[in-house]
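The structure appears right after this line, and notes come after that.
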């Protein structure tokens, strides 16, 4: 197998010159560059990419951890990350975890083994103590408020979003308010639960466990939500749904069953996806593409930064 010394001999130049040509260094004469390129062509030389990474100390690859690749929220985050990666000559290694800790640990292990330069975790499963063990191996960026920990992050304030949405519905006359989420154990869901509990206490409203419905990620999950609500003696009069896809499914189910929106059931979705615009669903707009772009730049930066993104409430026909 041809190596760099062989190329230097064939081209009649130094090993340093060959190295400069291979790394697109500008300070090489046209004649020498041509000689090296001809030697590369004649010998069918291919660089040992692992050796290149080792010499540079970089792989130009970033890991992205997300639970589902087909969920609109994570798809938009990934789109923002991928756009910036392409423009900055980076490749992405995608880890789809389905919220399995073992798969998240695989991504962290690749960071430790220097197979990727840094890691963006869009929604985590591991505890802080686990993540902190891997900080010595590379940059880890999170999509949540890290509260002063040594991680970069880009996030929206889920507590504030939820509290303001609850207060908006309360001012509209709703006291029986429920909500639908993807999972109860996630960091964002814990913030939403705290906002919900404080809202109820502030307004002297009873806590109804049945009003909190999890495992709501896709359009078809709406059928489960409506089945549960229809069997309740005192169903909620308003729902906050952390996915526009699920919110759209609930609207569709209500239309089929003759439930009037918003008179009998008010609905607010999340992320202001195209389906919310088309179906006139009120929604919380979060700049997911911009969040993804910012996450990427934090991943390639040596500085630790925390960026809070802002949201907008868009009122339409479902409240």
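The values are calculated or read from the model by the stated rules, or taken from the named source; none is laboratory data. The structure displayed is predicted, hence computed values, not measured ones. All Cβ positions, glycine included, derive from the backbone under ideal geometry; neighbour counts span all protein chains shown.
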Can you pull out the residues in the stretch 8-19 that are within 45 Å of the chain's Cα centre (by Cα) and either in a loop (DSSP other than H, G, I, E, B) or at pLDDT 85 or above (or both)? 15, 16, 17, 18
Would you call residue 68 modelled with pLDDT under 95 and in the same structural domain as residue 142 (by TED's automatic domain parsing)? yes
Residue 191 being free of Cβ contacts under 8 Å to residues at least 24 places away in the same chain and part of a helix (DSSP H, G or I): no
Would you mention how many residues in the stretch 74-91 are over 13 Å from the mean Cα position of the chain (by Cα) and in contact (Cβ under 8 Å) with a residue 12 or more places away in the chain? 7
Picking from 248, 276, which residue would you name as being more than 16 Å from the chain's Cα centre (by Cα), free of Cβ contacts under 8 Å to residues at least 40 places away in the same chain and under 27 Å from residue 80 (Cβ atoms)? 248
